[in-house]
Amino acid sequence: MTDHGVSRDLSKAVKELKERDLNHRPEKMIFILLLFLTCLGLVIAAITLWLVPFVGFSNIHPHLPVIMAVVFAMVVLFLIGGGLTLVFTIIRGKNLFFNRRIRGVVIRFLFPLLVLVGKCVGISKERVQRSFIAINNQLVVAEARLVQPRKLLILLPQCLQNHDCDVRITGSVENCKACGRCKIKNLVELSHRYHVSIAVATGGTLARKIVVDKRPQMIIGVACERDLTSGIQDTYPLPVYGILNKRPHGPCFDTDVDLGAVERGMAAFLNGDKGNSEGPGPEGVKPAVS
Ligand code: SF4
């Protein structure tokens, strides 16, 4: 396949990811609602903070009320500007010049605030986490970062493994006997086809160790809301594209994953065969459509 063909496949995969983002409208709306409430709360707090001392400021210095008004107006403008920029990025799905900074602000500061506000208005933590993952994915896609296959890591939870399987896959997924009782077999096949790293973690500590050892530039993580959220926060500034696992038998037991979603993520972030010295890249591999 030509470079032109590979880039057409990549843009098709990115387009599909963006289209699928539209299906996350409810999650995004929750995020925007919580963001609006948080900004409103902060603006009210700023105005209150200004109003209360205002009574006393003029007694200290005649110009102090005006100076404090300018300071607080700047804080309010900064908050509104930041909020509008984020909403614009979410709605348009376009990379803005400080997209990566925005991702940092969302991950580090905004998410804990939104959980708090969500609690106050009766939105469960799990729903806020889901909306956070959807927004994070959109910002990661908007960054449109391409990596070499060996720098892309697929990180899986152990609960994807069939509960009856005795094979130890946490040390090396390659130990999988490919019996087909669980999706580990298919995921290992995908990793071979795309020449990407793949690993299974039993928890946050092992996941962190895998990331330190493998030094990826991009992670596609499969997990539940809680683990994905903490994984995205722990590994920042490393971009993590999160895919929620399916739990037909309840949490942490014989879980499942949409293989098409994993493959689309891989195809969207892979840098074709450029600079891949370990074998052919994902040429000719069309992203699956589930
Ligand atoms: S596919 Fe692999 S991990 Fe899954 S049950 Fe079979 S041997 Fe175990």
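Just to verify a result, which residue in the stretch 152-194, among those that are assigned to a helix (DSSP H, G or I), free of Cβ contacts under 8 Å to residues at least 40 places away in the same chain and within 12 Å of the ligand (Cβ to nearest atom), is nearest to ASP258 (Cα to Cα)? The selected residue is ILE184. For the stretch 130-151, the condition of being surrounded by fewer than 17 Cβ atoms within 10 Å (Cβ to Cβ), within 16 Å of the ligand (Cβ to nearest atom) and more than 22 Å from LEU259 (Cβ to Cβ) holds for none of the residues. Checked against (1) touching a residue at least 60 places away in the same chain (Cβ under 8 Å); (2) more than 10 Å from the ligand (Cβ to nearest atom); (3) among the hydrophobic types (A, V, I, L, M, F, W, C), VAL115 passes all but condition (1).
Anything in the stretch 195-218 that is away from the ligand (no atom under 15 Å from the Cβ), β-branched (Val, Ile, Thr) and crowded, with 16+ Cβ neighbours inside 10 Å? List them, or say none.
VAL196, ILE210, VAL211
Only the coordinates and a few stated rules stand behind these numbers; no lab work does. All figures in this text were calculated on a predicted structure; none of them were measured in a lab. Note: ideal-geometry Cβ built from the backbone for every residue, glycine included; neighbour counts use all protein chains shown.
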